[in-house]
Amino acid sequence: MTEESKPTIDRRRFLTVLGASSGGAIALSGCSTGQVEKLIPYLVQSEDQVPGVATWYSSTCTECSTGCGLHVRTREGRAVKLEGNPEHPVNQGKLCSRGQAGLQGLYNPGRLKGPMARAANGQFQEITWDDAIARLAGKLGPAGNKVAVISGAGRGTFSDLLSDWVRALGGRLARYEAFASEPLRAANRQVFGLDQIAAHDFGRAKYIVSFGTDFLDTGLASIEHARGFARSHGFSERDVAKMVYLAPRMDLTGLNADQWHPIKPGSEAALALAMANLLLTERGARGEGAALRGALSAFTPEAAAQETGLPVATIQQLAREFGAARPSLAVAGGAGSQHAGATEVCAAVNILNYVAGNIGETVRFGADLDTSDGYGALQPLLAALDAGQVDVALVHEANPAYTLPRTSGFAAKFQKAGFKVSTSMYLDETSALCDLLLPQHHALERWDDLRPRAGVHSLMQPVMEPVFNTMATGDLLLRTAKAMGGTLAGFNASSYKDHLQARWQGLAATRKETDFAAFWHGALQRGGVFTDPPAAPRVSLAPRGGQVRYTKPVFEGDGPFVFATYAHSLLHDGRGANKPWLLENADPVTKITWHSWVEVHPDTARKLDVRDGEILRLTSPHGSIEAPVFVYQGIHPDVVAVPLGLGHTEYGSYARGRGVNALDLLGAPAGDFLPYISTRVSVEKTGDYKSLASIAGNSRQLGRGIAEAMSLDAAKKGLTVEQAYLAEGHGKHEINTELELEAIKGWSERQIQDTKDGNYTGDHPRWGMAIDLAKCTGCQACVTACYAENNIPTVGETEIGKGREMTWIRIERYWEGGEEPGQPVTAHFVPMLCQHCSNAPCEPVCPVYAAYHTPDGLNGQVYNRCVGTRYCANNCPYKVRYFNWYKYNQVAWPEPLHLQLNPDVTVRARGVMEKCTFCIQRIRGAQNDARLENRVMRDGDVVTACAQACPSDAIVFGDVNDPASRVARLHQDHRGYRVLEDLNTRSAITYLAKVLLPAEA
Amino acid sequence: MRKLAYVVGGVAAGGVAALLTLGGHPPYAQQANTVADSIVAPVLSASDTGSLKGPRQPIFFRHDIHAGQYKIQCQYCHYSVAVSSEPGIPSVQTCMGCHLVIGGSDSSHQTEIKKLRQAWNEKKPVEWVRVHYLARHAHFPHQRHIKALGPTACATCHGDVQRMPQVFKVNKVDNMGFCITCHIERKVSRDCSVCHY
């Protein structure tokens, strides 16, 4: 659509058109067809839109700095689902929960609807864009160089434009993000003289040690890491990498480790250096190594044992195993291990990788991952604000008023600026302090690009009309420059898109592309331009790189416990707290939704005499917070932990006033980064209690064989789960008695006879699934994908407290071990969804045949037939049927969130049982497509939303009746088993047992 | 392999470049196969229209003239019926493709065409009254039915629209019995989950 023709259809009209032409995706009333409905056509038909057919656009995710590629599914001109771009080198077709929930940022009810200015009465008042730009230019002119800009935008054309723009004004710019991996960058500078972040190749590593880095979940490039980890750690006939987790608290990565050692907080560097020392001593160092050996000789395993609380033998074993595996990989960094000595830890791990020969193998410099400058870069700007040297302050894609501790005094310092401007899409804590709100387009509504790493130029394009009267900040900068002239006169591009294209013309020239239009359109279709990263630079120790240190950790205050905070798995640094999917999706470790909690070790809980849900008050020198207890074995007894991300005071109705902000307990010391583990807290019982809004049932398997596992040895021998069980010396596990088997045989023969009647005979597919538990990390990307695909309502904290969650697919987390003192605790994850049993307990009990068996093997659920007796849910042994207790369809999607609904799936009303359908809309869609193309279905035509999203490719879907299909072959795998097989449900989902590595690898 | 679109101009939806004539043929050159050799649409005066069946539309659009007398194929306007579950309601631009030139043969036609041109000039799409409904829990893939029954099978459900001055509901398409009867006759799937999901 060209600029001239833009006014042909305004936004309201546009949305109305969507409502009518989309075949009624928007929930009004269930069955009524009586009301007069209008059919409103397009005025001008868009050439790439066919009503009822999805149009896909490539784009780039901006939910964190990783820069994953997106495929955006649009229907009738609105985005309805985000998936990964298979061609994108960063994420290769997969997308995490936070990325998928970008859709709820687009349609967020808390979005600002247009530019606003603070009126004389202190309230915000709507203004026009022309007025807004005139006001901004009017303030910028007299301000001269007293301008300060805080930007969280990723590296790309926009950030370059912004920095040129600020430089032309003579102002200050800080690229700030809460989790900016500052210690990693500082350590790389210090040890190798390289000011960049390296990429980590987990796929090639044969032994992985994580020093408190949550690389599978909240770390940088978690999708890429999960993919690599599945390759090296998932079961194959070749080597299976072992992963050891060394940290005071087990996060999701820790739960996936083969071993967890709860070391004392802040002692990681001592351990890493001792390991490096042992490696050098054993190998005999030459040249550079000899110098290193001198520097490392002080770091003995005995000293490390003293610091970490680990036995010397364990440290020696770790070093031996780490050195023996080539290549191995040690990782450090991340918010969850960011204490005052975090740079020392990263430097120590650099040395360890260097000594083990991993640099260039599994640690790849040259990739140059994008991170912001972070906390350190913000300090001079804050000082200038405090000194009253800033007349105009502009904040873009950052929320420092929330992500900095209250003790930083950000709000007071920021208030000293004469005129405060925000481009935030939402009224967050920072924009609430501002005088002028210039809400920007969502990333799905604007042109832009990102360079998340070397060799990747990732494009964004508007996939739909803007939902509100917003403006891309790039256009805002250019229009302001036009209004001001003077030093900004050089910014003369007519629009930000023109500016972007001009930059890409430069890129085309360097790539010797002569036809720019073809180059541009090709890049738009692929999602960008992807080249191999430049050859890794030769990495050697910097002149003083070997001078490593370990400083004994010091924590502020005199409370009995060290206080740890960490990045919330879904809410990240708090930016996810306005998206109901991310609030309702459970934390993968604790399974708690919607609110904050404090993790306490069982021994500590016993001492304090507290149980799950009792509210504790934690008091540090900087403040106090109250949160309910979650008793957690995966935490050091001397540590209590609260996740970041909640306790907002603004940021929309979903976020405001929910949970507590763990930052309230932290100080804001000067330095390059904010230490998240820096205080000691005292703990007292408040006497209050809050029922945890948890979706976990019993956290123990109780011998039910739900999450099966076998030893690596047994798996390599090709034993089945039962054989492995017997080989371990257990008695025969009697699944069914002879008598039962006979009865079952007779019964099933009659069933087969029954199916000969009706339309059950004939050449039908049998849809089935295989889930490899050796690959599943429990990350829950599948859960969010299911919410997005199937219009699953979020029910809220109260309803979840009543056990009314709607998660069609959920990740069950079972604890193993840890029942006796000294016994290590591990977690087994099982994605649990409708098993689509051939012999389904739910079907025969339905009095109205709403639950029935389809010819292609699904447990069908006909919503319009269901009368809500709930007999089926009572009879389901897997607890995968969910009852719609309340008018969720009327409360779960406040405008404009309802625009995210998938038009292909019925929105269920109250009183209906619902459950996983194996994405039947995708099955029927693929069948329709195959029929139109006069062909039979092929393996891979149908990919369910969960399988599509899974970063480690643990889920495979297909036709089990087709012997050539991937799923049919996996059903024959020796590790395969079915959950609760003894109930003779004959489910369609085969799980492949998790493979456990021996303690001594 | 999913076919990826990209944004050519400024914003994805609501593009300007819809084709004036689809497939490059003038509409009157296309022959509808099943149309009787000559349907002459009756001349109706304004007083006649009150007795016509079906809801009154904002513009008295006559299918009997377009599809009957002039034998314009259904799919010329309902462009997506063979590829999508949605048949597609023609954009105002599609109407204007002809009516930019054709102003109507008598005054009653001219009045209605004027309304269309006014809508185009004011950039307000025509708000048609919906005649055929389907409950939201039922999915009807138009394209599968066109594939199975042929491009002129519209009349199977929608009746002889080619002879309708004003469209009205002939069959109870919102009644499952209507679907099932046909599915039984043709021995095709009667599985609930084919339509209900």
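Measure off 7 Å from each Cα along the Cα-to-Cβ vector at A:R320 and B:R190, then give the distance between these two points in nanometres to one decimal.
Those two pseudo-labels are separated by 7.3 nm.
Report, please, the projected area of segment A:298-421 averaged over directions, based on the convex hull of its C-alpha atoms, in nm². It would help to have the intermediate numbers written out before the result.
Numbers: hull surface 43.8 nm².
Reported value for the Cα convex hull: 11.0 nm².
What percentages make up the Cα-Cα pair-distance distribution of segment A:776-844 when the bins are 5 Å wide from 0?
Cα pair-distance distribution for segment A:776-844, in percent: 3, 13, 15, 17, 19, 15, 10, 5, 2, 0.
How many Å³ per residue does the convex hull of the Cα positions in segment B:40-197 occupy?
Cα-based convex hull of segment B:40-197, divided per residue, equals 126 Å³.
Across segment A:653-696, how large is the tail of the calculated P(r) beyond 12 Å, expressed as a percent of all Cα pairs?
Value for segment A:653-696: 77 percent of Cα pairs lie more than 12 Å apart.
Multiply the residue gap between A:D195 and A:D386 by 0.36 nm, knock off their C-alpha separation, and tell me the result in nm, one decimal place. Mind dumping the intermediate values first?
Working: separation 191, 0.36 × 191 = 68.76 nm, distance 2.96 nm.
Answer, rounded to one decimal: 65.8 nm.
Treating segment A:911-985 as a set of equal point scatterers at the Cα positions, no solvent, please give the Debye-formula log₁₀ I(q)/I(0) at q = 0.19, 0.22, 0.25 Å⁻¹.
Log10 of I(q)/I(0), two decimals: -0.98, -1.16, -1.26.
Tell me, what ³J(HN,Hα) does each residue in segment A:804-821 have, in order and in whole Hz, if you take phi through Karplus 6.51 cos²θ - 1.76 cosθ + 1.60 with θ = phi - 60° and put x for Gly and Pro?
Result, rounded to whole Hz: 10, 5, 10, 6, 4, 10, 9, 9, 7, 10, 9, 7, 10, x, x, 8, 10, x.
Name the residue from A:A180, A:V149, A:A132 whose Cα lies farthest towards the positive end of the charge dipole of segment A:132-206, charges +1 on Cβ of Lys and Arg and -1 on Cβ of Asp and Glu.
Among A:A180, A:V149, A:A132, the one farthest towards the positive end of the dipole of segment A:132-206 is A:A132.
If you build the Cα gyration tensor of the protein assembly as shown and take the root of 5 times each eigenvalue, what three semi-axes come out, in whole angstrom, biggest first?
53, 40, 26
Pop a pseudo-label 7 angstrom from the Cα along the beta-carbon direction at both A:T551 and B:K124 and give the gap in nm to one decimal.
7.2
So what's the back-of-envelope 222 nm ellipticity for the protein assembly as shown, counting only DSSP H runs of four-plus at -39500 (n - 2.57) apiece and dividing by all residues, rounded to 500?
Theoretical 222 nm ellipticity from helices: -8000 deg cm²/dmol.
R0 = 30 Å: FRET efficiency of A:D130 with A:A502, Cβ-based, nearest 0.05?
Values: r = 25 Å, r/R0 = 0.84.
About 0.75, to the nearest 0.05.
Under 20 Å from a label point 7 Å along Cα→Cβ of A:R986: give me every residue in segment A:833-855 with its amide N that close.
Counting backbone N atoms under 20 Å from the label point, the list is A:834-846, A:851-855.
Going by average Cβ density within 10 Å per residue, which order do the peptides A:111-122, A:186-197, A:418-429 take, highest to lowest?
Result, highest mean Cβ count within 10 Å first: A:418-429, A:186-197, A:111-122.
Applying 1/(1 + (r/R0)^6) with R0 = 51 Å to the Cβ-Cβ distance of B:T156 and A:A411, what FRET efficiency is obtained, to the nearest 0.05?
It comes out at approximately 0.15.
Quick one: Debye curve from the alpha-carbon atoms of segment A:435-589 only, equal weights, vacuum; give me log10 I(q)/I(0) at q = 0.11, 0.14, 0.21 Å⁻¹ to two decimals.
-0.81, -1.02, -1.33
Could you give the Stokes-Einstein D for segment A:394-501 in µm² per second, using the C-alpha Kirkwood radius, 4 °C, 1.567 mPa s?
After rounding, the answer is 83 µm²/s.
So how far apart, in nm, are the two label points at A:K745 and A:R931 if each is 7 Å from Cα heading toward Cβ?
4.2
Amide H of A:L996: which non-local residues (sequence gap of 5 or more, or other chain) have their own amide H closer than 5 Å, using H built in the peptide plane?
The list, which skips near neighbours in sequence, is A:M710, A:S711, A:L712.
Once you average over the residues of B:130-141, how many Cβ atoms of partner chains fall within 10 Å of each Cβ?
6
Please turn the phi angles of segment A:399-414 into ³J(HN,Hα) values with the Karplus equation 6.51 cos²θ - 1.76 cosθ + 1.60 (θ = phi - 60°), one per residue in order, whole Hz, x for glycine and proline.
9, x, 5, 9, 7, 9, x, 4, 5, 5, x, 4, 4, 5, 5, 5
Using R₀ = 25 Å, calculate the FRET efficiency as 1/(1 + (r/R₀)^6) where r is the Cβ-Cβ separation of A:E302 and A:S711; round to 0.05.
The calculated FRET efficiency here is 0.15.
When the gyration tensor of segment A:550-654 is built from Cα positions, what are the square roots of 5 times its three eigenvalues, in whole Å, from largest to smallest?
Values for segment A:550-654, descending: 24, 17, 13 Å.
Mind checking Rg over Rh on segment A:814-943, alpha carbons, Kirkwood formula for Rh?
My calculation of the ratio gives 1.08.
Subtract the Cα-Cα distance of A:Q701 and A:R969 from 0.36 nm times their separation in residues, and report this length gain in nm to one decimal.
On the way: separation 268, 0.36 × 268 = 96.48 nm, distance 2.80 nm.
Roughly 93.7 nm would be gained on extension.
Given N residues in segment A:199-307, what is its alpha carbon radius of gyration divided by 2.2 N^0.38 Å?
That works out to 1.19 for segment A:199-307.
Values in this text are rule-based calculations from the coordinates and carry no lab data. Please read all numbers here as calculations on a predicted model, not as lab measurements. Positions of Cβ are backbone-derived with ideal geometry, glycine not excepted, and every protein chain shown enters the neighbour counts.
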